[in-house]
Ligand code: AQP
């Protein structure tokens, strides 16, 4: 029996090196003989924040192309767009009726994202986002869910909902395990290193997008916020420098200790240039592959249509069981 892996990414902006290091890069590596992977472009999650419709459609398509460029192999995995598989919305409703306002109110992502808005402007989708995420996972009997640290709390909620449902109606759902990288699970903003790097950051200098040109990447790293000391150490009170070291270590595959040792005697300027160079080297082949995929949109559409069918078929099996259990 192969282990089932599921993960998703929102097309809510240009994918960042945070998304890459924390999630996407590992997705390709998880395609082995012992696993079967479902990867989705989570456009339904993206509309919890108002999106321009044409932009969203374009970004969903481009995100799929970028995932192919990052090594997702449609012969080994199912790659699909979430909104094209209606079972996600159907199961989400059932799970909403098995989730509590109290537990959803405690989700830090909801608290963070709603903190900037007036109460009347917080849409209910932002609140029930983790329930849709639970549906995404439980629909495919996922064993493991590779995510960045920011999604750990949502994963725990998903497990609670699955266990609660199974206790109430009998065993239907497999209870999934999170899969979180040891290093790089939370890349911080280059401008506010106390905040997570996010693709929807209104300040483009806060993130490096996978598709940023090399000179843009270099400029963004050169502007990265550090501190007033000049010593390169990995320390809790040196958020900016530690973040640069984390990016360097994850991209090069070196340990933090090795990276710190490598930069001894250098200044922040040199550190920034070296990190930028490593990132550019890693991203260049992905950028080239992305452009090649985009030049062949029919191929991407074909992959997504195949993914839609495979995902729908797998999801319907679980949904049928759920509907039967709850009396539909
Ligand atoms: N900064 C990060 N470091 C490590 N991993 C990260 N992830 C996101 N940011 C970082 C991981 O990327 C995967 C896809 O994330 P998502 O698109 O589903 O949503 P998100 O976590 O909300 O990502 P963003 O970039 O912050 O998007 P916006 O700005 O739209 O909210 C997840 O596995 C996530 O953990």
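Bear in mind these aren't lab numbers, they're just calculated from the coordinates by the rules spelled out. Since we're looking at a predicted model, the values are computed, not measured. As a convention, Cβ positions derive from the backbone with ideal geometry for all residues, glycine included, and neighbour counts pool all protein chains shown.
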> What is the distance, in nm, between label points placed 7 Å from the Cα along the Cα-to-Cβ direction at residue 100 and at residue 153?
Replying inline: 1.7
>> Starting from the 7 Å offset along Cα-to-Cβ, what nm value, one decimal, do you get for the label separation of residue 192 and residue 316?
In response: 4.6
> Which ordering of 1, 179, 188, 101 is given by a fewest-first count of other beta-carbon atoms within 10 Å?
Replying inline: 1, 101, 179, 188
> Based only on the alpha carbon positions, what is the Kirkwood hydrodynamic radius of the stretch 204-291, in angstrom?
Replying inline: 13.3
>> Can you give the FRET efficiency to the nearest 0.05 for residue 171 and residue 227, using r as the Cβ-Cβ distance and R₀ = 45 Å?
In response: 0.30
> So what is the calculated 222 nm ellipticity per residue for the chain, using -39500 (n - 2.57) for each DSSP H run with n of 4 or more, over all residues, to the nearest 500 deg cm²/dmol?
Replying inline: -16500 deg cm²/dmol
>> If you fit an axis through the alpha-carbon atoms of helix 87-96 and take the longest principal axis of the Cα set of the chain, what angle between them do you get, 0 to 90°, nearest 10?
In response: 80
> Among the DSSP beta bridges whose two residues both lie in the chain, what percent are antiparallel, rounded to the nearest 5?
Replying inline: 10
> Could you give the Stokes-Einstein D for the stretch 29-91 in µm² per second, using the C-alpha Kirkwood radius, 25 °C, 0.890 mPa s?
Replying inline: 191
> If we count other beta carbons within 10 Å of each Cβ, what is the order of 159, 50, fewest first?
Replying inline: 50, 159
> Most exposed first by the Cβ proxy, i.e. fewest other Cβ within 10 Å, how do 201, 160 rank?
Replying inline: 160, 201
>> Can you tell me the orientation of helix 268-294 relative to the chain, as the angle in degrees between its alpha-carbon axis and the longest Cα principal axis, to the nearest 10?
In response: 40
>> Tell me the Kirkwood radius of the stretch 113-225: reciprocal of the mean inverse pair distance over distinct alpha-carbon atoms, in Å.
In response: 16.7
> Which of 229, 213, 305 moves most in a GNM of the chain, Cα contacts under 10 Å?
Replying inline: 229
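What number in nm² do you get for the stretch 146-289 if you take the convex hull of its Cα atoms and divide its surface by four?
Mean orientational projected area (the stretch 146-289, Cα hull): 10.8 nm².
For the chain, report the translational diffusion coefficient in µm²/s to the nearest whole number, using Stokes-Einstein at 37 °C, 0.692 mPa s, and a Kirkwood Rh over Cα pairs.
On the way: Rh = 20.7 Å.
Taking Rh from Cα pairs, D becomes 158 µm²/s.
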> Which one of 170, 240, 307 has the biggest mean-square fluctuation once the chain is modelled by GNM with Cα springs under 10 Å?
Replying inline: 170
> residue 258 to residue 291: FRET efficiency via 1/(1 + (r/R0)^6), r the Cβ-Cβ distance, R0 22 Å, to the nearest 0.05?
Replying inline: 0.10
